[in-house]
Amino acid sequence: QVQLVESGGGLVQPGGSLRLSCVTSGRSSTFYTMGWYRQAPGKQRELVASINSYGSTNYADSVKGRFTIFRDVGGNTMALQMNSLKPEDTAVYYCRGRLPGEDFWGRGTQVTVSS
């Protein structure tokens, strides 16, 4: 059974930093794309950042220059370094891994940015 498990969320003050991690178990094939998504209360889930198996990245405009996505070479472990956090970054952050015809999600980790 494939599982994606996020960690690293928490409460941080505006301007602070957090690093999220996503670890995959039960899967030997390399996801062709992995990504971080977030969902704030009352809002739709949105893409934060993604990275494919070649290392190409994509970021939401709202996080460009503040967040950086990392992925281990040839593997299914991923991280998201979040700097200069803002209250509007508060959300549950989800890890996603994709293969042709298959789509896997973690259960999410809460990030709260507040003073």
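The values are calculated or read from the model by the stated rules, or taken from the named source; none is laboratory data. Note that the structure is a prediction, hence the values are computed from the model and not measured. Note that we place each Cβ from the backbone using ideal geometry, even for glycine, and neighbour counts take in every protein chain shown. Side chains are part of the model used for accessible areas, which takes the heavy atoms of the whole protein and leaves out ligands, DNA and RNA. Shrake-Rupley method; radii C 1.70, N 1.55, O 1.52, S 1.80 Å.
Brief remarks follow.
- For the stretch 1-21, a tally of residues being of a type in the set (Ser, Thr, Tyr) and either over 13 Å from Ile69 (Cα atoms) or part of a loop (DSSP other than H, G, I, E, B) (or both) returns 2.
- Test: residue in the stretch 6-21 that is open to solvent by 40 Å² or more (accessible area, probe 1.4 Å), without any contact (Cβ under 8 Å) to a residue 12 or more places away in the chain and out of contact with any Lys or Arg (no Cβ under 7 Å at 6 or more places or on another chain): no
- Filter result (of a type in the set (Asp, Glu) and at pLDDT 95 or above) within the stretch 18-74: Glu46, Asp61
- Strands (runs of 3 or more DSSP E) fully within the stretch 22-115 that include at least 1 residues being crowded, with 20+ Cβ neighbours inside 10 Å: 33-39, 46-52, 67-71, 78-82, 91-99, 109-113.
For (1) under 14 Å from the mean Cα position of the chain (by Cα); (2) under 13 Å from Gln39 (Cα atoms), each residue gets a yes or a no:
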position: Asn58; (1), (2): yes, no
position: Gly75; (1), (2): no, no
position: Leu80; (1), (2): yes, no
position: Cys95; (1), (2): yes, yes
position: Glu102; (1), (2): no, no
position: Arg107; (1), (2): yes, yes
